[in-house]
1. Solvent-accessible area per residue for region 115-190 at a 1.4 Å probe radius, Å²?
2. May I ask you to work out the translational diffusion coefficient for region 94-150 at 25 °C, viscosity 0.890 mPa s, via Stokes-Einstein with Rh from the Kirkwood sum over Cα pairs, reported in whole µm²/s?
3. Under 23 Å Cα to Cα from residue 196, which lysines show up? Leave out anything in the same chain fewer than 8 places away.
4. Cα axis of helix 247-257 to longest principal axis of the chain: angle in degrees, 0 to 90, nearest 10?
5. Subtracting the Cα-Cα distance from 0.36 nm times the residue separation, let me have the gained length for residue 35 to residue 83 in nm, one decimal.
6. For region 6-62, what are the per-bin percents of Cα-Cα distances with bins 5 Å wide, up to the bin holding the maximum?
7. What number, in percent, do you get for the relative contact order of the chain if the mean sequence gap of Cα pairs under 8 Å and at least 6 apart is divided by its residue count?
8. What percentage of the solvent-accessible surface of region 139-187, computed with a 1.4 Å probe over protein heavy atoms, is contributed by carbon and sulfur atoms?
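The values are calculated or read from the model by the stated rules, or taken from the named source; none is laboratory data. Everything quoted here is computed from the prediction, not taken from an experiment. Cβ placement follows ideal geometry from the backbone for every residue including glycine, while neighbour counts extend to all protein chains displayed. Ligands, DNA and RNA are stripped out before the accessible areas are found, and what is left, the full protein with its side chains, is counted by its heavy atoms. Shrake-Rupley method; radii C 1.70, N 1.55, O 1.52, S 1.80 Å.
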Amino acid sequence: MRDSNYDLIKFQATEEGLAVVTINRPDVHNAFNMELIAELTDAFKTIADQPTIRMMILRGNGHTFSAGADLNWMKRAATHTKDDNVRDAVNLAEMLQSLYEMPQMTLAMVQGAAMGGGAGLVAACDVAVAMSNTKFRFSEVRLGLTPATISPYVIDAIGPRWARALFTTAESFDAAFAEKIGLVQYVVETLEEMTKMEEHLANLVFSAAPGAVADSKKLVADVTGQIIDRDLGHETAKRIAARRVSDEGKEGIAAFLEKRRPNWVR
């Protein structure tokens, strides 16, 4: 496993194609500041540009996945100009977008708490696994703010109805409720179960064609919200046709017929 040098995150990638990004500010519950946002953005963009990387796991070091915004950063932001605050918010928005648009499968492994922007990170990942005792909250209105930057990803994950309820009340909720509304897909009771779920999901990803994974993510993004009509049917037909004649499509069909593993299986 090779490492890259950052101050506030750990970034490791294996030769097999697994990248692990760990937020490494346990003393402040892995809260965001501008330096952390910049390092996450760089790491996410680096991973996205590496076709040999097939999956990215996002973690938080210590007892908390992420408590959201760093209080000292927020205190300084209150004294900044509107333009300065716009620039800070744009940087956060670009970090979340770089995570959301990553072509690789992204997995959040969540423990302790995911508050505000930390819950936004969870929503921006493809899959999330949470320990059962994890606490979630969109706490912004309690501070006179709104969860504006994370809202596209949260609404995409849980829908507008629950987003309105949780954004306006800032109610705390547990992992079981997060699973119920779609913020996480899996809840586990122990660290051993978490490790087993991580291995299970990694096995699934490394059995899938990486280009097909990237195209499937784009397919969901492009089809969501579209009117189901003849034009959409033709567009999706073109996409599956393109996949059938792609190198991966040919290899996958040949491997199936020949009863062997395709060449992308690890």
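1. Spelled out: the 1.4 Å probe surface of region 115-190, per residue, equals 44 Å².
2. On the way: Rh = 12.0 Å.
Translational diffusion coefficient: 205 µm²/s.
3. 10, 135, 180
4. Result, in degrees: 60.
5. Values: separation 48, 0.36 × 48 = 17.28 nm, distance 1.84 nm.
Extra length available between residue 35 and residue 83 comes to 15.4 nm.
6. With a bin width of 5 Å, the distribution comes to 4, 21, 30, 22, 14, 7, 2.
7. Relative contact order for the chain comes out at 14 percent.
8. That share works out to 54 percent.
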